[in-house]
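Here is the structure we will look at, set down as structure tokens.
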Amino acid sequence: MRRFLISICVTCMILTFSFTVVHAQYKVWTVDMATIYDNAVNIAKEKAIDNAQRKAVEEKVGLMIIGATEVENL
């Protein structure tokens, strides 16, 4: 009986903490588009989704661009 009560308590604690983590996530809505070439709708859809995901991360987290140029005399 004691093991049963302990397992119920542990299960309740796990469920409580898992719901807290789910509610702590950010929700961002983005819309993006891609051009369809040669009736390749699937490729355009994947590119649009990739662009929208990138835009959502940039909006919520921020964007840092680092550039480097290397020049060599031949």
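Of the residues in the range 25-36, not one is at pLDDT 75 or above, out of contact with any helix residue (DSSP H, G or I) (no Cβ under 8 Å at 6 or more places or on another chain), of a type in the set (Val, Ile, Thr) and surrounded by 10 or more Cβ atoms within 10 Å (Cβ to Cβ).
Put simply, of Glu46, Glu58 the only residue that is assigned to a helix (DSSP H, G or I) and at pLDDT 85 or above is Glu46. When Leu15 is evaluated against the numbered criteria (1) over 21 Å from the mean Cα position of the chain (by Cα); (2) modelled with pLDDT of 85 or more; (3) part of a helix (DSSP H, G or I), which criterion, by number, is the only one it fails? Result: Leu15 fails condition (2) only.
The values are calculated or read from the model by the stated rules, or taken from the named source; none is laboratory data. None of the values given here were measured: they were computed from a predicted structure. For neighbour counting, all protein chains shown are included, and Cβ atoms are generated from backbone atoms with ideal geometry for every residue, glycine included.
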